[in-house]
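A quick write-up on the structure given underneath.
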Amino acid sequence: MPHPDLSNAPDSHTHRTPDSGPWAVDDALGYRLRAAVQALLDSLPLLMDDLELNFSDALVGGGEVVCDLTELHPSWAPLIEADALRLVADTAGLHTPSMFSPATPRMITAVDAQPLEVQQALVERAAERFANHYEHVPNPRSLAAVSRSPHKPAPARPTPTSPPASTPRPGEDSHRRSR
């Protein structure tokens, strides 16, 4: 069993900047944290099936196991489990703005209330969505522009298959077009 890298512990000061935590600025650590969440999501359905556990019972301790597998400090385990819970809850339609939401116990109860097959399917779907999520970091200027102005759809551009502007669309009255 590999020894965890103590330099990536949350209380380590080797990766910190004054304004952010280590996972926010260290690409390698962020990648390992995402890999740990993915490993947890991938292993939960198997664990649930083999041991006939519901989602919450299978989730407990899973973060520590994947920390060992990905050589992360075990203190990251609660964060990994919380993110896995958030992803499964989002897949179930229980959206929350934070993985530390006060609604967390209700989300766990709502997922656990489903039949075991549904719980497994939710976890599998969350794992698939997380694995297929392409990271896109927008240009900082475009991000600022979007955050400061309301989203307005762009004007429609004519395509070769669209009718010319002077041709009425099927079912459109000519007096409606002239207004």
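Taken together, the values in this text are just the output of simple stated rules run on the coordinates, not laboratory data. Keep in mind the model is a prediction, meaning the values are calculated, not measured. Cβ sites come from the backbone with ideal geometry, for glycine too, and all protein chains shown count toward neighbours.
Miscellaneous remarks
- Using the Cβ-Cβ distance between S75 and N132 with R0 set to 25 Å, the FRET efficiency from 1/(1 + (r/R0)^6) comes to roughly 0.30.
- In this simple spin-label model, placing a label point 7 Å from the Cα along the Cα-to-Cβ direction at both D50 and L116 gives a separation of 1.5 nm.
- Mean Cα-pair separation over length for segment 40-93, i.e. relative contact order, pairs under 8 Å, 6 or more apart, %: 30 percent
- Evaluating 6.51 cos²θ - 1.76 cosθ + 1.60 at θ = phi - 60° for every residue in segment 26-35, the Karplus couplings come out as 9, 4, 5, 5, x, 4, 5, 5, 5, 5 Hz, glycine and proline recorded as x.
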